[in-house]
Amino acid sequence: MESILYGVQGFMYPNEVELQWSILIVLYPFITGLVAGAFILASLERVFNVEAVKPTYRLALLTALSFMLVAPLPLQLHLGHPERSLEMYLTPHTTSAMAMFGFVYLWYLMAVLVLEIWLDYRKDIVLAARATTGWTHKLYRAMALWSDNISERSLEIDDKVGRFITIVGIPSAFLLHGYVGFIFGSIKANPWWSTPLMPIVFLFSAIVSGIVLVMLMYMVVSWVRRTEIDMNCLDTIARYFMYAFIIDFSLEMLDLIHRIYEADESFKSLNFMVHTKLYFSQVILQIIMGTVVPILLLALVQLVNMSAAARKGLYVLSGVLAMVGIFAMRWNVVIGGQLFSKSLLGYTTYKMAFATREGLLPSLLLLALPFVILYVLVRLLPPWPAKPEANEA
Amino acid sequence: MTTDRRDFLRSAGALIVLTGAASLAWEKVLAGEPEKAPNYEMSDHWWAMLIDIEKCIGCGNCVRADKAENNVPEEFFRTWVERYHLPPADLLHPKEEVLPEVDSGKEGGAGGFPERYKAGDGSKNFFVPKMCNQCSHSPCTQVCPVGATFESPDGAVLIDRSYCLGCRYCVQACPYGCRYIDPRSNTVDKCTLCYHRITKGLTTACCENCPTGARTLGDLKNPKDPIHEFLRTHKVQVLKPQMATGSKTYYNGLDGSVR
């Protein structure tokens, strides 16, 4: 018993000492946010005709898909009975935000992402099927659903339907990540989570993280492929990054100010927590290093004339800081929400394991997995025109 | 009779598939059959609990009885007792709010509470037994993704262990900290109001073993149950009424400092 109570300050209800949701559940909103954000960036080009971001359109979609496929894995790994998880689809409890999330997820994966990517790539897939033989040929044939039709008319239809799906996709992406916020925001028992702002804060931080991910991926991919970065594209993405970040920051500050001003019964306890156990991850990492500094850096790029190399450097720096900040935000919500007692009289400590089912190691592997999937997807469905070297030569 | 490899594999495969299917079917049969309580009619009852703080002496009998009756794992609690200590007011520097010192003794109060505070020092001291509040608008059942935890028609909040995913969402949703994951089954668990006892006309293990009668099981649908008289003649309160959980665990003499 003494060993269990290690790390406890004040009074916890005896069942509360051990945290229920681990770093895996931190990954879940983080990864889902990347999906939603990457998709919203992709839709800028398709629906709002922001031509400048076109070079990243397909990369953004494939990135979204890679992360989307991994998104449910941390949840699955966390369940006490993973073999029963299908029950959530077969016998869902309609008042449960978690059960309904399953359907939002499926809808988004199958009806939006996969369909949109398929329609966008259909011509390429058919051409690839024609150009290959053997197993690859069979694979591409199957991916084209055994269709060989790439007539003008059929491509027109593809484009029309694709545009329609993107229009449906934007509210779906909002729904997807807003819903993740709702899973936390609707828990009235937990004053750290329970706020109607939660879905919208999650949503905007998701947009930021997705934009940053695609921006960084674009830079890395260009570097690996030794192609020129389209600076107009990069600058445009960075601008959207800044706009979304300013909205996100305002919302987060609104939430914070509101809590401080209202100072309800939970305030003393939460305030103490933010000043002690969460001080580093919330104040230093999330707010100062992860939000204020990158916004200032991005604003600096807007205000001062800089060389392309300097801009690239600042974009990478602010992007990496923002990623760390947004991961810290997910951490502070999920882990922070379990560090204080619902009696508001005590605090516990999160002890992260390493090579256990819910430890750091599986989390790192889960974070690396989307990049492996993305590598395969990029191999199968190249997001850029074939053989750019040949064009340059 | 000679058996070649093909025959062997075929019959072994059939055996595996058939026994698998049969055991699954048998599991369903077993799961579909609730424990027998022939004279119990669910719709005739609406269970509640009455806890009289004035009567609780913090002996921990209820916690021990519950652990034994329900085979509760050592580090978790279906019921526990909290000791509240409100230090004497500083008359020269009065504060708007005095935070209580709370402890649950050793093992959630199961070992009783060793003397810590001096009598007559001007402090306020009392014990608060806690348990699942058997809420009628329970936030835990609301969030369960598969309905593995549910409100039974007789007012008890119960868990189907064979159905629980172990997602822990209900643990987060309970405002009172009543739920835990049983490490033996990896499913959620909490006080069942000794459902196996009350459906046979018995009271709960904690009520049965309370030496002072601080806990009383009540049936709100039974007009002859003394709980009606008690609720009419006492000022009772539920825990965290602002949560609007429809708690059916009523406390007599509950101090405002209790959370």
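All of the numbers you see were taken from the coordinates with simple rules; none came from a lab. Note that the coordinates shown come from a computational prediction; the quantities given were computed from them, not determined experimentally. Methodologically, a virtual Cβ is constructed for each residue, glycine included, from the backbone with ideal geometry; neighbour enumeration extends over all protein chains shown.
Return the average number of partner chain Cβ atoms within 10 angstrom of each residue Cβ along peptide B:157-163.
That average works out to 1.
I'd like the distance between the alpha-carbon centres of the stretch A:263-280 and the stretch B:84-151, rounded to an integer number of Å.
Answer, in whole Å: 20.
How large is the helix-only mean residue ellipticity at 222 nm for chain A, computed as the sum of -39500 (n - 2.57) over DSSP H runs with n ≥ 4, divided by its residue count, in deg cm²/dmol to the nearest 500?
Calculated from helices alone, the mean residue ellipticity at 222 nm is -22000 deg cm²/dmol.
Whole-Hz ³J(HN,Hα) for each residue in the stretch A:172-187, computed from phi via Karplus 6.51 cos²θ - 1.76 cosθ + 1.60 with θ = phi - 60°, x for glycine and proline: what do you get?
After applying 6.51 cos²θ - 1.76 cosθ + 1.60, I find 5, 5, 4, 4, 4, 7, x, 5, 4, x, 5, 4, 8, x, 8, 8 Hz.
Does the stretch A:62-113 come out rounded, prolate or oblate by the C-alpha gyration tensor, with a ≥ b ≥ c the root eigenvalues, rounded set by a/c under 1.5 and, if not, prolate when a/b is larger than b/c and oblate if not?
It is oblate, given that a/c is not under 1.5 and a/b is not larger than b/c.
How well do other chains shield peptide A:80-88, expressed as the mean number of their Cβ atoms within 10 Å of each residue Cβ?
The per-residue average across the peptide is 6.
Roughly how many Å is it from the Cα centre of the stretch A:74-109 to that of the stretch B:160-198, as a whole number?
18 Å
For a quick check: with amide H placed at 1.01 Å from N, whose amide H comes under 5 Å from B:ALA156's, ignoring anything fewer than 5 positions away on the same chain?
Sorted by chain and number, the residues that satisfy this are B:TRP47.
For the ranges B:198-209, A:300-311, what's the packing order if you count other beta-carbon atoms within 10 Å of each residue, average per peptide, and put the highest first?
Working: B:198-209: 19.0, A:300-311: 11.5.
Put in order of decreasing packing, that is B:198-209, A:300-311.
Okay, helix-only estimate at 222 nm for chain B: each DSSP H run of n ≥ 4 adds -39500 (n - 2.57), divide by all residues, round to 500 deg cm²/dmol; what do you get?
-7000 deg cm²/dmol, from helical runs alone.
Order of A:287-297, A:373-383 by packing, highest average Cβ count within 10 Å first?
Top of the packing list down: A:287-297, A:373-383.
When chain A is modelled as a GNM with alpha-carbon springs shorter than 10 Å, which of A:ILE326, A:ILE246, A:ILE257 fluctuates the most?
A:ILE257
Would you grab the residues whose amide H sits under 5 Å from the one on B:TYR251? Only those 5+ places off in sequence or on another chain, please, with H modelled 1.01 Å from N.
Under 5 Å from the amide H of B:TYR251: B:ILE51, B:GLN237, B:VAL238.
Mean 1/r over all different Cα pairs, inverted: what Kirkwood radius does the stretch A:88-214 give, in Å?
17.2 Å
Whole number please: convex hull volume per residue of the Cα set in the protein assembly as shown, in Å³?
Dividing the Cα hull volume of the protein assembly as shown by its residue count gives 221 Å³.
In whole Å, what are the Cα extents of the stretch A:308-393 along the three principal axes, biggest one first?
70, 34, 19
Which whole number gives the average count of other chain Cβ atoms within 10 Å of the Cβ atoms across peptide B:181-187?
Whole-number average of other-chain Cβ neighbours for B:181-187 is 2.
For B:ILE57 and B:ASN222 in the same chain, what is the full-extension length gain: residue separation times 0.36 nm, less their Cα-Cα distance, in nm?
Taking 0.36 nm per residue and subtracting the Cα distance, the gain is 56.5 nm.
Enumerate the calculated ³J(HN,Hα) couplings along the stretch A:225-236 in order (Karplus 6.51 cos²θ - 1.76 cosθ + 1.60, θ = phi - 60°), each rounded to whole Hz, writing x wherever the residue is Gly or Pro.
7, 6, 10, 5, 7, 6, 5, 4, 4, 5, 4, 5
From the C-alpha gyration tensor of the stretch A:9-383, pull out the three semi-axes of the equivalent ellipsoid (sqrt of 5λ each), sorted largest to smallest, in whole Å.
For the stretch A:9-383, the ellipsoid semi-axes come out as 37, 26, 18 Å.
Going by amide H atoms built from the backbone, whose H comes under 5 Å of the H on B:LYS130, apart from near neighbours?
Hits under the 5 Å cutoff: B:TRP80, B:VAL81, B:GLU82.
Per residue of the stretch A:353-369, in order, report the coupling 6.51 cos²θ - 1.76 cosθ + 1.60 (Karplus, θ = phi - 60°) as ³J(HN,Hα) in whole Hz, putting x for Gly and Pro.
So the Karplus estimates, Gly and Pro as x, are 8, 9, 9, 10, 4, 10, x, 6, 4, x, 5, 5, 5, 5, 6, 7, 4 Hz.
Pop a pseudo-label 7 angstrom from the Cα along the beta-carbon direction at both A:ALA131 and B:TYR117 and give the gap in nm to one decimal.
It works out to 8.0 nm between the two label points.
Restricting to lysine pairs 8 or more places apart or on different chains, what number in chain A have Cα atoms under 22 Å apart?
Lysine pairs meeting both conditions in chain A amount to 14.
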